[in-house]
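Structure first, commentary second.
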Amino acid sequence: MKTVVALVLGLGALAAANGAGAQSAPGGADATSAALAPDAYFAQVGRARETSTVTLGLQWDWHRAWRPSESSLVSAYGELSMGHWRADQGGGRAIVTQIGFTPTFRYWPSGSKSGWFFEGAVGVNVLTPVYRTRHKRFSTAFNFGDHVAFGYRTPGTSGWEWSLRLQHFSNAGIEHPNPGEDFVQLRLTVPLARGDG
């Protein structure tokens, strides 16, 4: 777990440095670095029936938006996550590292990228070793992860976000058994250099 934390924090620090350099000299290599630099990092804790999780990750905004109506907005982002799953004592081999990528769509009923939001997504994940607890046994390391969430972003370009998520992991029937696992998660997202959010 210490390795996961160090890696994500190191990537975040590198991204912040790249973003700062790109702002001082837009164009050329610095502009490319800015395009690759993440817009935010996040920390998340979660709980299933037998298993607790801690997840860290980076988030890249798509810098595009759609207006389904005059008073609402839809935006999107991609996230790269690394998590640590641990079962309760006696729960089996549920000490698992989770690595995932998830494109996410977010709905803003206020029509601006602040205040309350709702989101949904389906992503891909690798769980190593294969997840097992006292009551469940996954059959594959590859799994999909889908979630729905609601949250709040404070106003301004440096706004922090809190969100409550329901996330389901399973292999969608690629192999059996495929019991799936459901988590309730609380996430804090902190912006790095954000342009249009």
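Computed from the coordinates by the stated procedures, all read-outs in this text should not be read as laboratory data. Keep in mind that what you see is a predicted model, and the values were worked out from it rather than measured. Methodologically, a virtual Cβ is constructed for each residue, glycine included, from the backbone with ideal geometry; neighbour enumeration extends over all protein chains shown.
Show the residues, 5+ positions off or on another chain, whose built amide H is closer than 5 Å to the amide H of residue 121.
Placed amide hydrogens put 147 under 5 Å from residue 121.
7 Å from Cα along Cα→Cβ at both residue 97 and residue 160: what's the point-to-point distance in nm?
Simple spin-label model gives 2.9 nm for this pair.
Taking H placed 1.01 Å from N in the peptide plane, check which residues at least 5 places from residue 192 or on another chain put their amide H under 5 Å from its amide H.
40, 41
Got a sec to turn the phi values of segment 113-122 into Karplus ³J(HN,Hα) couplings, 6.51 cos²θ - 1.76 cosθ + 1.60 with θ = phi - 60°, whole Hz, x for Gly and Pro?
7, 7, x, 6, 8, 10, 8, x, 6, 9
Each label point is 7 Å from the Cα along the Cα-to-Cβ direction; what then is the distance between the points at residue 118 and residue 182, in nm?
1.8 nm
Could you go through segment 69-78 in sequence order and give the Karplus-derived ³J(HN,Hα) for each residue, using 6.51 cos²θ - 1.76 cosθ + 1.60 with θ = phi - 60°, rounded to whole Hz, and x for Gly and Pro?
The phi angles translate into 8, 5, 10, 9, 8, 10, 10, 8, 8, x Hz.
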